[in-house]
Each structure stands twice: as C-alpha cells, then as structure tokens.
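Novice: Before I ask anything, here is the structure I am working with.
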Ligand SMILES: NC(=O)c1ccc[n+]([C@@H]2O[C@H](COP(=O)([O-])OP(=O)(O)OC[C@H]3O[C@@H](n4cnc5c(N)ncnc54)[C@H](O)[C@@H]3O)[C@@H](O)[C@H]2O)c1
Ligand SMILES: [Zn+2]
Ligand SMILES: [Zn+2]
C-alpha cells in the first residue's frame with residue numbers, strides 16, 4: 001500500500017506535512033466528520049492520484065485562524081488527478097482517466113443537485129446542506145492537498161478531460177476549473193453581467209481576476225478592479241481591466257466617476273470576503289466590501305458575492321469584537 005503525504009491544519013498559522021491513511025471507498029471518522037457520516041460507504045466513488053491542486057483564499061482564512069477549522073483537518077479542495085481505483089457502482093469513469101474535481105461535493109440525486117444547486121446538496125453533510133473537501137463545517141471530507149484522495153459520486157462529480165496528453169500539457173491552467181475560475185464566473189454571472197454592462201470587481205486575487213475575465217467573456221463594456229495591492233492590480237491591467245488602488249484612493253465612487261463619467265456601475269462582485277481591509281489606511285473592516293459594492297451599484301443592479309463570510313471568527317481582534325457589540 002502506498003504512503004499518503006498530506007497537508008494538515010494544526011492550528012492558527014501552522015500546517016504540517018504528515019503521512020495519513022491511504023484512502024478507501026468509505027468515509028472514515030476524522031476531524032470535522034459528523035457522527036452520522038462515519039463509515040458511510042462510497043462505492044459510487046473513486047480514488048485519485050492527485051496531479052495538481054491550488055491553495056485558495058478560503059484555505060488562508062482557515063490557516064490564519066479565522067475559522068473554527070478543527071486541528072488535524074487535511075486541507076485542499078481544488079483537485080485535479082488521475083483515477084487509479086474505481087468503486088463498484090461507478091459506471092462511466094474509468095481507471096486512467098484524468099479529471100477535474102468540483103470543490104463542492106454533491107450527490108447529483110437530491111432536489112438541490114437536480115436544480116443545479118450543487119453547493120447545497122442535502123446528501124453529503126448531515127449537519128447542513130453542502131460539503132467540500134478539507135474545509136471547515138463542510139462535512140469533514142478529507143482534502144486533496146495530498147497524494148491520494150477519495151472522490152464520492154464520481155460519475156456525477158468528475159469532469160473527465162477527453163484527451164489525456166492535451167490535458168497534461170495544460171494541466172496548470174485546467175487546475176483552475178475546480179474552483180477559482182467557476183467561482184469567479186459565478187460571481188460575474190450572479191451579478192447579472194451582460195453585454196455592455198459596466199462592472200466593479202472588489203479584490204484582485206485569483207477569484208477577483210477570474211471574475212474580471214468572466215465579466216469580459218459575458219460582454220461587459222468596462223471592468224474596473226479594486227484592490228490595495230498594486231502588483232495584483234497590474235495583473236488586472238494586463239488583460240484590459242481598469243484599476244483602482246484603494247490604499248491611495250478611499251472614495252471609490254469618485255474613482256469610478258473618473259473612469260466612466262458616472263459614480264456607479266451596473267453590476268458588482270465581492271471577491272474579498274470577511275477579512276476585507278477598509279479603504280485607505282483604515283485597517284481590517286469585515287463589511288467594507290459589502291458596503292462599498294452596495295454604494296457603487298446603480299439602483300436595481302445585482303451583486304455577486306463569492307467572497308467568504310463565516311458564521312464564527314475566533315481570530316477576530318478584540319477591538320473589532322467590541323465594535324460589533
Ligand atoms: N464562494 C466560494 O465558493 C469561494 C470559492 C473560492 C474562494 N472564495 C472566497 O473568495 C475570496 C477571494 O479568494 P482569493 O483566493 O482571490 O483570495 P485572496 O486572499 O488571494 O484575494 C483577496 C484580495 O482582496 C484584496 N482586498 C482586501 N480588502 C479589499 C477591499 N476592501 N477592496 C478590494 N480588495 C480588497 C486583498 O488585497 C487581496 O488581494 C475569499 O474570501 C475566498 O474565501 C469563495
Ligand atoms: Zn477554493
Ligand atoms: Zn445532492
């Protein structure tokens with residue numbers, strides 16, 4: 001049996017690389033696994049040898065100690081891999097296939113899945129709708145920043161690449177398909193971006209840049225990206241976006257006015273989440289982006305909010321805790 005080295009969350013600011021159990025087609029007990037899920041059979045699943053994975057902004061919230069992630073959680077929800085073992089009930093996926101794994105674990109059989117709301121599948125986490133690999137409050141499924149990982153409901157879950165050699169040539173780009181690109185696209189889509197829209201994207205991290213490019217694909221006439229990090233804004237400019245450095249300019253509406261001739265946009269996306277910085281030198285302000293996008297979006301416009309907001313933030317500073325009371 002092969003060893004299985006994996007990235008394990010130990011506590012705020014600390015991860016280690018550990019040998020963990022080689023996966024089988026059963027959901028075993030472990031950190032964050034609800035009792036009702038222990039020993040659940042996954043004959044509809046496969047074992048993947050991981051080829052590529054990403055570190056997500058969502059992992060960083062956990063590693064910074066800003067969530068209630070349990071010690072021992074194996075991280076990694078952005079997985080691309082080769083199928084090396086196939087469960088008894090898998091019909092279409094084959095050994096040797098190379099596939100992308102959507103980060104939302106979903107059964108494909110419940111009402112939510114059948115109405116395309118796979119992020120709130122009701123069959124994969126007894127504690128609340130929705131599950132993900134290696135993620136806090138998402139069912140305790142073992143993550144894919146590891147050498148081997150089990151993926152359930154393989155026929156429904158896996159996006160198999162039709163040409164293996166071509167897939168391997170572009171594998172680093174294809175790794176974006178598990179989360180970053182569809183999350184960014186979903187942000188732009190739910191913000192209602194269409195031909196001619198003017199769009200503001202808060203955040204020039206991977207998700208923000210994917211949302212910005214998606215807005216272009218959806219036909220936006222102008223895409224404005226805001227961040228406090230100049231190097232990230234430079235990347236946004238490299239593919240045709242306008243940018244606003246929010247460290248230097250704290251009045252977002254005025255900056256948008258200088259670009260568009262009006263101080264508002266048709267649609268806006270929050271690609272930052274709860275660890276947002278206030279504009280200028282204000283420091284951390286969890287609602288900064290939500291307030292900003294509501295402020296600059298025209299009446300009747302829509303907002304896309306892929307940015308993460310958690311139910312409990314144990315790492316919040318005492319000052320902010322007092323402000324919230
Ligand atoms: N909903 C989902 O399924 C899903 C999936 C992936 C990521 N996410 C979330 O999306 C968010 C972005 O992910 P990422 O990987 O790009 O993260 P990231 O941390 O790399 O990027 C966040 C960026 O936001 C910038 N920022 C901070 N405050 C800002 C402000 N007030 N205005 C504009 N920009 C500001 C930061 O400088 C940083 O560049 C995170 O909250 C992540 O957890 C959600
Ligand atoms: Zn992610
Ligand atoms: Zn389902």
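None of the figures in this text is laboratory data; all of them are computed from the coordinates on show. The shown structure was predicted, so the numbers you read here are calculated from the model rather than taken from an experiment. Virtual Cβ from ideal backbone geometry, glycine too; neighbours counted across all protein chains shown.
Novice: Packing-wise, with mean Cβ within 10 Å as the measure, how do 195-208, 10-23, 121-134 rank, highest first?
Specialist: Working: 195-208: 25.1, 10-23: 13.8, 121-134: 21.2.
Put in order of decreasing packing, that is 195-208, 121-134, 10-23.
Novice: Can you give me the relative contact order of the chain as a percent, contacts being Cα pairs under 8 Å and 6 or more apart? If you can, show how the numbers build up before the last one.
Specialist: On the way: 799 pairs, mean separation 47.8, N = 325.
Relative contact order comes out at 15 percent.
Novice: Angle between the Cα long axis of helix 180-190 and the longest principal axis of the chain, 0 to 90 degrees, nearest 10?
Specialist: Orientation of helix 180-190: about 50 degrees from the principal axis.
Novice: Could you work out how far the C-alpha centroid of segment 147-184 sits from that of segment 256-286, in angstrom?
Specialist: So the separation of the two Cα centres works out to 32 Å.
Novice: Right, another one. Say a paramagnetic label sat at a point 7 Å from the Cα of residue 239, along Cα to Cβ; which residues of segment 78-100 have their backbone N under 20 Å from it?
Specialist: Correct set: 78-80, 100.
Novice: Using the Kirkwood radius over Cα pairs, work out the Stokes-Einstein diffusion coefficient for the chain at 4 °C and 1.567 mPa s, in µm²/s as a whole number.
Specialist: On the way: Rh = 20.7 Å.
Estimated via Stokes-Einstein, D reaches 63 µm²/s.
Novice: Spin-label point model (7 Å from Cα, Cβ direction): what's the residue 231 to residue 254 distance in nm?
Specialist: Going by the 7 Å Cα→Cβ label model, 2.9 nm.
Novice: Still on this structure, please answer the following. D for segment 234-274, whole µm²/s, Stokes-Einstein with Kirkwood Rh over alpha-carbon pairs at 10 °C and 1.306 mPa s: what number?
Specialist: 138
Novice: For segment 16-156, take every pair of Cα atoms, bin their distances at 10 Å starting from 0, and report each bin as a whole percent.
Specialist: Taking every Cα pair in segment 16-156, the percentages come to 13, 45, 37, 6, 0.
Novice: Against the globular-protein guess of 2.2 N^0.38 Å, express the Cα radius of gyration of segment 84-224 as a ratio, rounded to two decimals.
Specialist: On the way: Rg = 16.8 Å, N = 141, 2.2 N^0.38 = 14.4 Å.
Normalised Cα radius of gyration, segment 84-224: 1.17.
Novice: Which whole-number percent is the relative contact order of segment 1-91 (Cα, under 8 Å, 6+ apart)?
Specialist: On the way: 159 pairs, mean separation 32.1, N = 91.
Computed value for segment 1-91: 35 percent relative contact order.
Novice: Over segment 51-180, what is the relative contact order in whole percent, taking alpha-carbon pairs under 8 Å and six or more residues apart? Spell out each step's value before the answer.
Specialist: Values: 263 pairs, mean separation 38.5, N = 130.
Relative contact order comes out at 30 percent.
Novice: Sticking with this one: Using Cα-only point scatterers and the Debye equation, what is log10 of I(q)/I(0) for segment 61-134 at each q in 0.16, 0.17, 0.19, 0.21 Å⁻¹, rounded to two decimals?
Specialist: Debye output, listed in q order: -0.76, -0.85, -0.99, -1.10.
Novice: Would you kindly state how much longer the chain becomes between residue 309 and residue 128 on full extension, computed as 0.36 nm times their sequence separation minus their alpha carbon distance, in nm to one decimal? Working shown, then result.
Specialist: Details: separation 181, 0.36 × 181 = 65.16 nm, distance 1.59 nm.
Working it through step by step, the gained length comes to 63.6 nm.
Novice: Note the angle between two axes, namely the Cα long axis of helix 206-217 and the longest principal axis of the Cα atoms of the chain, as a number of degrees from 0 to 90, rounded to the nearest 10.
Specialist: Roughly 70 degrees, rounded to the nearest 10.
Novice: Let me ask something else. Suppose only helical runs count, i.e. DSSP H with n ≥ 4. What mean residue ellipticity at 222 nm does that imply for the chain under -39500 (n - 2.57) per run, divided by all residues and rounded to the nearest 500 deg cm²/dmol? Working shown, then result.
Specialist: Values: 11 runs with 82 residues, N = 325.
Computed mean residue ellipticity for the chain: -6500 deg cm²/dmol.
Novice: Take segment 171-325, compute every pairwise Cα distance, and split them into 10 Å bins from 0; I just need the percent in each bin.
Specialist: Cα pair-distance distribution for segment 171-325, in percent: 12, 42, 33, 11, 1.
Novice: I would also like to ask the following. Specify the inter-centroid distance of segment 103-119 and segment 287-305, based on alpha-carbon positions, in whole Å.
Specialist: Cα centroid of segment 103-119 versus Cα centroid of segment 287-305: 28 Å apart.
Novice: Would you list 221, 146 from fewest to most Cβ contacts within 10 Å? Working shown, then result.
Specialist: Values: 221 13, 146 27.
By the 10 Å Cβ count, ascending, the order reads 221, 146.
Novice: While we're on this one: Give me the distance between the Cα centres of segment 215-244 and segment 4-40, rounded to whole Å.
Specialist: Each part reduced to its Cα centre gives a spacing of 38 Å.
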